[in-house]
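The structure appears right after this line, and notes come after that.
The values are calculated or read from the model by the stated rules, or taken from the named source; none is laboratory data. Model, not experiment: these values are computed from the prediction. Cβ: placed from backbone, ideal geometry, glycine included. Neighbour counts: every protein chain shown.
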Amino acid sequence: MFLSISELRDLTVLMSGRLKIDYTGYNLSFFGRRVANVFKKMGLRRVQDLQTILNSLVKDDEVTYHMAVPGTEVFRSPSFWRQIIRILTENDIKTVWVPSLTSNHELYSLAIVRELAGRRNETKIEVNVVSDRTTREVNELLIPETEKDLTKTNYERLQTSTPLEDFIRTENENGMYLKRELMENIEFRNGWYMNTDTVSYDMVLFRNTLIEYKKSLHEKAAQKMMDSLKGRGSVLCLGGRERPLVGDGWFDETLAYDGIYIRK
Amino acid sequence: MSEIKIVVIGGSAGSFSVVGKILSGIRSDFPLPVLVCMHRLKHIRSGFAESLDERASLPVTEPYDKDSIEGGHVYLAPANYHMYVEYNDTISLSIEEPSNYCRPALDNTFTSVAQVYGEKCVGIILTGANKDGAEGLKSIADHGGVTIVQDPSTADVATMPQAALRLIKPTYVLSPQGIIDYLNNMEI
């Protein structure tokens, strides 16, 4: 499937209006690749097929689901997660916001490191999700068979003395099921994070989302994240190769190599 | 001949020595940006760019998302990210699904370069044990860009150059030294 730039631009406007996510602020090349993914996964052949779905609001959750980039792996960048364990252990982090959860990976990682830090009851996690299907999948607590080995390898790189098995309820041909209690003190909300009221958190986990945006939306989103930090010592987590284009001088960047920015 | 704006080089992990040789052989006043996409271990994030930088005639860095693309600079695709270019001459990174089991994937970078720079780019495929890059090089060929494949007889592992040769008839098939000579004598 190949769409012209004008067709893609038209789609960004239509989809923004229907799905309440500002796709006009996405990098157009990235947007085009994700639309191609929607066509492939939903078996669409023509732009009109997608327009029909969007206009009828039937299967719109599927469109949102396939537009999002699924997180890549549990404990992606283990050195980052080692730092998060330390931060959770040494600081009184009461609230963590995950503004843009697209798959199980980041939340399972966060829930397990919260457990390793002994903070399940003390640290509340709030999550924004734009697709109901994502919420359902996350609540299955399943790490699929295809991702099992990678998860175990990444976990070993956390260099903790607690075995991963301590967090596994059962294993079968589908993969590994995490223990249900890991999901305690986690609250899910529907909707795109930019449409939510700004609330203050001790930590915001927002890795590898800004890279999807043009500079203008990047700056708005980054500003929203900064406004959502409680104050001195609060923590903004980005991907290892992205950095906020706003807030010059706001952050202690000692841990920026791992994407961790601590508000001064 | 179109005015070339950018060079993109790809290989698998085993191409490190060839890439190092090419980057050390390029003249130090080479005016174009060079993108390098190599398959690499995702957990080894440091040392790769630094090692190439020590050998290269041009500065080598792993870009951040939205970094500007500057002439006379080498941009190495970071571990576990795809690397793309945008129409405003900036780098765009992504954690989208692996291609050919790879992230970074050569096909993604090469195709992006072809779409943005059209015939004004040079794509070079080096040694490698994977077919990744062949489709991307074909995209460059389809857009009218210059395509170069390392002579398989000079490659440690010929799978990657042979995959490219099965898809297209490249502009040139060259040894590593031939690639250096071509780049240093390009009409820019």
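Values for this structure:
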read-out	value
Exclusive hit being in contact with a strand residue (DSSP E or B) (Cβ under 8 Å, 6 or more places away or on another chain), closer than 30 Å to A:R33 by Cα and of a type in the set (A, V, I, L, M), set A:A256, A:A221	A:A221
Selection count, the range B:12-27, where residues are modelled with pLDDT of 95 or more and not in a loop (DSSP other than H, G, I, E, B)	8
Residue tally, condition part of a helix (DSSP H, G or I) and within 14 Å of another protein chain (Cβ to nearest Cβ), over the range A:192-224	10
Which listed residue, of A:R189, A:R119, is in contact (Cβ under 8 Å) with a residue 12 or more places away in the chain and in a loop (DSSP other than H, G, I, E, B)	A:R119
Qualifying residues in the range A:20-56 (those that are away from chain B (no Cβ under 14 Å), within 18 Å of the chain's Cα centre (by Cα) and crowded, with 18+ Cβ neighbours inside 10 Å) - the one nearest to B:N88 (Cα to Cα)	A:Y23
Residue ID - nearest to the other protein chains (Cβ to nearest Cβ), chosen from residues in the range B:42-76 that are of a type in the set (G, A, S) and at positive phi	B:G47
Counted residues, the range A:225-241 - those being assigned to a helix (DSSP H, G or I) and either within 14 Å of chain B (Cβ to nearest Cβ) or surrounded by fewer than 21 Cβ atoms within 10 Å (Cβ to Cβ) (or both)	2
Boolean, B:V149 is closer than 18 Å to B:V34 by Cβ and at the interface with chain A (Cβ under 10 Å from one of its Cβ atoms)	no
